[in-house]
Amino acid sequence: MKAENRLSPAMISGVALAAILVTAAIIAPLIAPNDPLAVDMARALEGSSAAFPLGTDQLGRCVLSRLLYGARTSLGVTCLVLLITVFIGSVIGTVSGLFAGRLPDKLLTAFCELVLAFPGLILALVISGLLGPGILNVMLAIALVSWARYARVVRSLVIGIRKADYIKAARVSGTGGFKLATRHIIPNIVGAIGTIIVTDIGSTILKFAGLSFIGLGAQAPEAEWGMMINDARLYMSERPSLIIYPILAVTLSILAFQLISDGFRDRMDSKSN
């Protein structure tokens, strides 16, 4: 095997860590020791024990169970947000690329630049505030501020691909715009889009956790990492582990996908060289 085709140790570590997190989220109902929503005030703020491996929170709920179910919420929302974002960005970017230099392209490009002119998290905060608290509203808010980056990348890729000989041949044979995009263009840009998706997973997790932290995302009694961090603030001196555990979960998730993203980037750089 050629050296450039081998996975770097960092990327292997990222894939392994991401696999652990995703697996834990999927099988959370099977491995969670307790009901994450069960309240028992008599056992509030208990330390680690056989019944509660990571202790309990201020309402007597199992911290480990809430972390596991929080992974389901955080990673699940992240996947859905990215699906929505990629769909919107790919459609707009493809249309813009196919009409490069013409009025539809100029209008869509101007709109993309307008969205990109604002800081993403601030704009998501404003949209979430207007729509009201809730997971669905936060998902929509994040998607609405993230699609423009994908649209710009897809537009550039489409403009490059549309000059290829096989695209010209498809046009000559009478292939329409929709078939041209779905059969010839999109399949050839999936790899590049996939790399961007992996890069954005960590930042999307952080955005969702941040919006939940300030009360705009997940709502009580839902188990979610950002909300767990916010709930634990008042008990930092009494039980610092309550805030450490969800912060560690968010950090490890971002680290895992960042390592994978860096590995993809290094492989692409080595191939281009």
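Is it the case that some residue within the range 231-253 is hydroxyl-bearing (Ser, Thr, Tyr), closer than 30 Å to Ala164 by Cβ and touching a residue at least 24 places away in the same chain (Cβ under 8 Å)?
No, the range 231-253 has no match at all.
Yes/no matrix, rows are residues, columns are (1) over 26 Å from Asp262 (Cβ atoms); (2) in contact (Cβ under 8 Å) with a residue 40 or more places away in the chain; (3) surrounded by fewer than 17 Cβ atoms within 10 Å (Cβ to Cβ); (4) not basic (Lys, Arg):
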| site | (1), (2), (3), (4) |
| --- | --- |
| Arg149 | no, yes, no, no |
| Gly160 | no, no, yes, yes |
| Val172 | yes, no, yes, yes |
| Thr182 | yes, no, yes, yes |
| Ile193 | no, yes, no, yes |
| Val198 | no, yes, no, yes |
| Phe208 | no, yes, no, yes |
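Residues in the range 81-119 that are surrounded by fewer than 14 Cβ atoms within 10 Å (Cβ to Cβ) and within 28 Å of Asp231 (Cβ to Cβ): how many?
1
For Ala38, indicate whether it is of a type in the set (A, V, I, L, M), in contact (Cβ under 8 Å) with a residue 24 or more places away in the chain and in contact with a Lys or Arg (Cβ under 7 Å, 6 or more places away or on another chain).
Spelling it out, Ala38 is indeed of a type in the set (A, V, I, L, M), in contact (Cβ under 8 Å) with a residue 24 or more places away in the chain and in contact with a Lys or Arg (Cβ under 7 Å, 6 or more places away or on another chain).
Hey, does the range 8-17 have a residue that's under 13 Å from Tyr245 (Cβ atoms) and surrounded by fewer than 18 Cβ atoms within 10 Å (Cβ to Cβ)?
no
Determine which member of the set Gly226, Gly194 is within 29 Å of Gly93 (Cα to Cα), part of a helix (DSSP H, G or I), modelled with pLDDT of 75 or more and of a type outside the set (Phe, Trp, Tyr).
After applying the criteria, what remains is Gly194.
Can you work out which of the residues in the range 22-80 that are surrounded by fewer than 21 Cβ atoms within 10 Å (Cβ to Cβ) and among the hydroxyl-bearing types (Ser, Thr, Tyr) is farthest from the chain's Cα centre (by Cα)?
Ser49
Restricting to helices (runs of 4 or more DSSP H) lying wholly in the range 70-162: which have 3 or more residues that are within 30 Å of Ile26 (Cα to Cα)?
Because the criterion is at least 3 residues that are within 30 Å of Ile26 (Cα to Cα), the helices (runs of 4 or more DSSP H) in the range 70-162 that meet it are 120-131, 135-161.
Taking interchain pairs and intrachain pairs at least six residues apart, which have beta carbon atoms under 8 angstrom, with the first residue in the range 51-69 and β-branched (Val, Ile, Thr) and the second part of a loop (DSSP other than H, G, I, E, B)?
Every condition considered, the pairs that remain are Thr56/Asp40; Thr56/Ala44; Thr56/Leu45; Thr56/Glu46; Val63/Phe52; Val63/Leu54; Val63/Gly55; Val63/Asp57.
Restricting to the range 46-69, count the residues that are among the aromatic types (Phe, Trp, Tyr) and outside any helix (DSSP H, G or I).
1
The values are calculated or read from the model by the stated rules, or taken from the named source; none is laboratory data. All of these numbers come straight from a predicted model, not from anything done at the bench. Neighbour counts are summed over all protein chains in view; Cβ atoms, including those assigned to glycine, are modelled from backbone coordinates with ideal geometry.
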